[in-house]
Amino acid sequence: MEKDAKIYVAGHRGMVGSAIVRELGRQGYGNIVTRTHAELDLTRQEAVEAFFAAEKPEYVFLAAARVGGIAANESALADFMYDNMILEMNVIHAAWKNGVKKLEFLGSSCIYPRMAPQPMKESALLTGELEKTNEAYALAKISGLKYCEFLNRQYGTDYISVMPTNLYGPNDNYHPEHSHVLPALIRRFHEAKEQGAESVVCWGDGSPLREFLYVDDLAELCVFLMNHYSGNETVNAGTGKELTIRELTELTAGIVGYTGKILWDSTRPNGTPRKLLDVSKAAALGWTYHTELEDGIRLTYEDFLRNPARAER
């Protein structure tokens, strides 16, 4: 990407999009185009096409998405599938119609089969059944990355996709029902500490294994791939390290400073038993993560404390 190129970051107010904007600025890209949801509803095809026709961005980072944890996904299956699929198709199609030089689509590791061999390679896509608790979101993301691939094959576009593992970091969503596991734990333990609660109840039995990537590390990879990678196959983004949800819970409680008991409700779903990405492809391209989990959780908790309004989302 040229330093003065017009770059559109879709979803710039979210955790991933805001990190990409920060990274672009850090690297000296100054011509960045953004729109809030109030200014541009990406689920409205006519509005999206009018925006692209008027602005003519040269590069696009598609980080906009409707996201949430297990509870949010299970309670709004149709909404998660429709909103994500329609906004992806609108943006990617408008980019193609308006001659965007390169587009990068941000997906999720939930696209891979529930029981895929671990660590999961990019080639595991569509080789087995998806995890039911986030199937709708996964299907939407698979559709987006496949549409990029098909445009490349049919029309010779240069559209790429990156599949991050579980993300966390500044500007996360700490909603008590709609957030992902790590921000949910931060809020829960913080409030328990403030209230002097004797115990905190967590979902499942704590046995699932998960991998976590600090969002600023992902943003660095996103810009790197836009400059150094072209291909139909997606690129995994992760650390290659995993820990159990129980270990994550205990680590987060310690960082927040909660000293009460941690109880487990095994009637609640665990989700996928293990989800570790094979990140050898990104490593071979010349990228690796920088932020260790304990350091990243501390930075995220500091973000939570600096932004108390985020706890209301």
- line: Here the residues within segment 102-128 that are basic (Lys, Arg) and farther than 23 Å from LEU62 by Cα are ARG114
- prompt: Residue check: is SER109 surrounded by fewer than 18 Cβ atoms within 10 Å (Cβ to Cβ), of a type in the set (Gly, Ala, Ser) and either touching a Gly at 6+ places or on another chain (Cβ under 8 Å) or at negative phi (or both)?
  reply: no
message: Among the numbered criteria (1) buried (at least 16 other Cβ atoms within 10 Å of the Cβ); (2) more than 22 Å from the chain's Cα centre (by Cα); (3) not small (Gly, Ala, Ser), which one does THR267 miss?
response: (1)
message: Quick test of your reading of the structure: ASN227 fulfils all but one of (1) touching a Ser or Thr at 6+ places or on another chain (Cβ under 8 Å); (2) surrounded by fewer than 22 Cβ atoms within 10 Å (Cβ to Cβ). Name the failing condition by number.
response: (1)
message: Among the residues that make up segment 60-74, is at least one of them among the hydrophobic types (A, V, I, L, M, F, W, C), out of contact with any strand residue (DSSP E or B) (no Cβ under 8 Å at 6 or more places or on another chain) and assigned to a loop (DSSP other than H, G, I, E, B)?
response: yes
Every pair of residues 6+ apart whose Cβ atoms lie under 7 Å, when the first sits in segment 28-54 and is without any contact (Cβ under 8 Å) to a residue 12 or more places away in the chain while the second is of a type in the set (Gly, Ala, Ser) and surrounded by 15 or more Cβ atoms within 10 Å (Cβ to Cβ): LEU40/ALA47; ASP41/ALA47
- prompt: Just one of ALA54, ALA63 is touching a Leu at 6+ places or on another chain (Cβ under 6 Å), of a type in the set (Gly, Ala, Ser) and either buried (at least 21 other Cβ atoms within 10 Å of the Cβ) or more than 22 Å from SER230 (Cβ to Cβ) (or both); which is it?
  reply: ALA63
message: Out of the residues in segment 241-254 meeting the condition of being crowded, with 18+ Cβ neighbours inside 10 Å and among the β-branched types (Val, Ile, Thr), tell me which one is nearest to LYS275 (Cα to Cα).
response: ILE245
- request: For PHE80, indicate whether it is touching a Gly at 6+ places or on another chain (Cβ under 9 Å), at pLDDT below 95, of a type in the set (Phe, Trp, Tyr) and buried (at least 20 other Cβ atoms within 10 Å of the Cβ).
  value: yes
- prompt: Do the conditions hold for GLY25, that is, is it in a helix (DSSP H, G or I), surrounded by fewer than 21 Cβ atoms within 10 Å (Cβ to Cβ) and either touching a residue at least 24 places away in the same chain (Cβ under 8 Å) or of a type outside the set (A, V, I, L, M) (or both)?
  reply: yes
- line: Of ALA282, ALA237, ALA253, the only residue that is touching a Cys at 6+ places or on another chain (Cβ under 9 Å), modelled with pLDDT of 95 or more and either farther than 30 Å from ILE160 by Cβ or not aromatic (Phe, Trp, Tyr) (or both) is ALA237
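The values are calculated or read from the model by the stated rules, or taken from the named source; none is laboratory data. In this text the structure is predicted, and so the values were computed from the model without any measurement. Cβ atoms come from the backbone with ideal geometry, glycine included; neighbour counts cover every protein chain shown.
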